[in-house]
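A quick write-up on the structure given underneath.
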């Protein structure tokens with residue numbers, strides 16, 4: 001199976017993009033509570049975004065695990081298959097963003113990753129940022145930290161990130177980053193924590209933390225205000241904790257530990273965008289007209 005068999009992609013008349021960066025957020029193993037995929041969606045304005053590509057779901061999924069949905073519209077039954085759309089968001093006065101919001105595939109990972117890289121190269125993406133959310137021992141009463149890594153030493157230094165150190169079972173994001181390293185495409189992995197004792201709930205506070213961090217790094221404003229959702233779900237979370245004495249004591253322990261930990265020194269919000277732009281600017285070829 002070749003990439004051309006599964007990738008439907010055309011730039012149409014969108015023209016040359018302005019310093020584009022690709023965001024990748026995939027539902028599945030690395031998207032607890034859908035916090036990561038929702039964070040990527042916050043950079044997509046449905047009224048202005050342009051869909052430039054789609055990855056055919058048929059070869060990549062075991063549909064006994066990732067089942068399609070059925071809906072009825074005006075008496076007509078429709079099947080909704082797992083979607084992997086590539087969306088371009090033009091941002092006047094800011095860099096353009098290319099987003100892939102999809103579902104982690106079960107099969108043919110190499111072909112799926114090659115489809116992503118093909119699109120990134122065709123659109124001239126200067127870097128790719130993958131986002132994820134994972135269960136961690138953190139309290140729901142604190143703003144969850146966003147951690148990140150990059151195999152590119154200079155980019156990691158500028159953004160206050162660490163070099164990848166994890167060894168073991170990986171997901172599609174790990175395979176993608178390995179492929180990007182081979183191609184010489186700078187990449188960053190960002191992850192937000194989800195309180196492991198509330199994994200079955202929604203966590204807009206985690207989505208907001210990841211969205212804000214992305215906004216700082218990219219220098220692009222996110223288009224969603226999560227404050228109302230955060231307040232509503234905080235009430236739900238608090239009610240769950242108050243009804244369980246042991247869980248309430250456990251959360252207090254997590255709060256104390258969280259507050260004791262010294263927060264890693266990272267650049268300020270303004271510095272993040274400046275450092276990221278300076279890094280990408282250094283990679284661009286010199287303009288012969290300058």
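Taking every DSSP beta bridge that has both residues in region 1-156, what percent is antiparallel when rounded to the nearest 5?
Of all bridge pairs located within region 1-156, approximately 60 percent are antiparallel.
When a footprinting reagent is the concern and you count Cβ atoms within 10 Å, what order do 249, 22 take, fewest first?
249, 22
Estimate the FRET efficiency between residue 249 and residue 122 by the formula 1/(1 + (r/R0)^6), using the beta-carbon distance for r and 45 Å for R0, to the nearest 0.05.
0.25
Please report the antiparallel percentage of the DSSP beta bridges confined to region 3-283, to the nearest 5.
50
Can you tell me the order of 251-261, 72-82 when each peptide is scored by its average per-residue count of other Cβ atoms within 10 angstrom, highest first?
Output ranking for 251-261, 72-82: 251-261, 72-82.
Full extension from residue 46 to residue 238: what is 0.36 nm times the residue separation minus their Cα-Cα distance, to one decimal in nm?
65.8 nm
What order do you get for 147-156, 97-106 when each peptide is scored by the mean count of other beta carbon atoms within 10 Å, highest first?
Put in order of decreasing packing, that is 97-106, 147-156.
Given a Förster distance of 25 Å, report the FRET efficiency between residue 169 and residue 137 from their Cβ-Cβ distance, rounded to the nearest 0.05.
The value I calculate is 0.80.
If you wrap a convex hull around the Cα atoms of region 3-283, how much volume per residue is inside, in Å³?
So the per-residue hull volume is 165 Å³.
So for the chain, averaging the separation of alpha carbon pairs under 8 Å that are six or more residues apart and normalising by length, what relative contact order in percent results?
Result for the chain is 22 percent.
Could you give the length gained on full extension between residue 231 and residue 259, defined as 0.36 nm per residue of separation minus the Cα-Cα distance, in nm?
Gain in length upon complete extension: 7.9 nm.
Which residues does the label zone of residue 8 cover in region 74-97, counting backbone N under 13 Å from a point 7 Å along Cα→Cβ?
Answer for region 74-97: 81-86.
Read the figures in this text as sums done on the coordinates, not as results from a lab. These numbers come from a predicted model, not from an experiment. Cβ sites come from the backbone with ideal geometry, for glycine too, and all protein chains shown count toward neighbours.
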